[in-house]
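Data first, discussion second: the structure below is written as structure tokens.
The values are calculated or read from the model by the stated rules, or taken from the named source; none is laboratory data. Bear in mind the structure is a predicted one, so any value in this text is a computation, not a measurement. As a convention, Cβ positions derive from the backbone with ideal geometry for all residues, glycine included, and neighbour counts pool all protein chains shown. What goes into the accessible areas is simple: the full protein's heavy atoms, side chains included, and nothing from ligands, DNA or RNA. Shrake-Rupley method; radii C 1.70, N 1.55, O 1.52, S 1.80 Å.
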Amino acid sequence: METSAPATQSVASEAIVDAGKPIASWVHTLIVLAVLGTYAYFGKLRADHLRTAESVDRVRMYLRTMAFEWLMLGFVLLGLWLRKVPFRAVLGERWRSAGAFGRDLGLGLLFLVFSLMISAVFISHGHGSNDPAVRYLLPVTAAEKTLWILLSLTAGICEEAINRGYLQWQFRVLTRSAAVGIILQALVFGALHLYQGFVRTIPIAMLGVLLGILTHWRKTVRPGMITHFVQDGLAVFVRR
């Protein structure tokens with residue numbers, strides 16, 4: 001019996017994931033890093049201006065950020081598609097049962113406790129929500145808070161897929177070291193948050209390391225997506 005072309009392609013794509021080969025071309029990865037670096041640089045300049053502005057259009061800022069992150073995720077998935085690699089390589093296995101969802105939800109919420117402990121250490125040292133480096137970011141009106149939840153969901157999905165799913169995999173393959181791959185993606189993750197000020201990139205990079213370890217251990221980004229979404233979403237309860 002002849003094997004169909006789609007079936008052959010499926011087997012080939014699964015082999016790429018199972019063998020730990022690059023899930024996208026290195027040119028594609030360089031483009032991703034260049035775009036992220038450029039966005040981080042101009043984001044830092046824009047943030048410096050907004051900190052001293054008399055008013056901040058948060059709705060526009062949130063919408064712009066969401067648009068960029070979804071477009072960036074789309075470009076990452078395009079790189080996988082060109083290699084015929086299944087999207088699960090960066091998005092994680094879809095939940096096939098309530099038990100699978102519950103397990104990832106439990107891990108995500110448990111991990112949230114550890115990430116909040118790290119944040120609490122820096123908050124106690126004066127780098128919390130009262131820090132002018134981040135105060136201008138927080139939602140105030142009901143509309144802003146609604147958009148913030150959507151922004152948090154976007155960050156949870158897109159940033160985990162891009163950093164812990166895509167970049168961590170590519171760095172691991174390039175360096176032949178899971179530990180180095182985790183560290184490198186965490187450094188990129190921290191740099192992407194330079195708009196919050198250099199000091200705040202330290203705990204953010206540390207969180208990136210922990211999320212990278214979680215992803216490597218669990219073999220999926222989904223618990224990290226839950227942690228990321230809930231932690232960012234909690235900002236709607238922060239008093240200004």
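For the chain, a simple Cβ point-charge model (Lys and Arg +1, Asp and Glu -1, everything else neutral) yields a dipole of about 120 debye relative to the Cα centre.
Only helices enter the 222 nm calculation for the chain: every DSSP H run of n ≥ 4 contributes -39,500 (n - 2.57), and dividing by all residues gives -23500 deg cm²/dmol, rounded to 500. For residue 44, list the lysines whose Cα falls under 28 Å from its own Cα; do not include residues on the same chain fewer than 8 positions away. Partners found: 145. Solvent-accessible area per residue in the chain equals 54 Å², computed with a 1.4 angstrom probe and all protein chains kept. Of the residues 110, 177, 167, the one whose Cα sits farthest toward the positive end of the charge dipole of the chain, with +1 on the Cβ of Lys and Arg and -1 on the Cβ of Asp and Glu, is 110.
Of the DSSP H helices in the chain, those that are both long (alpha-carbon extent of 18 Å or more along the helix axis) and hydrophobic (Kyte-Doolittle mean at least 1.6) are 98-123, 178-191.
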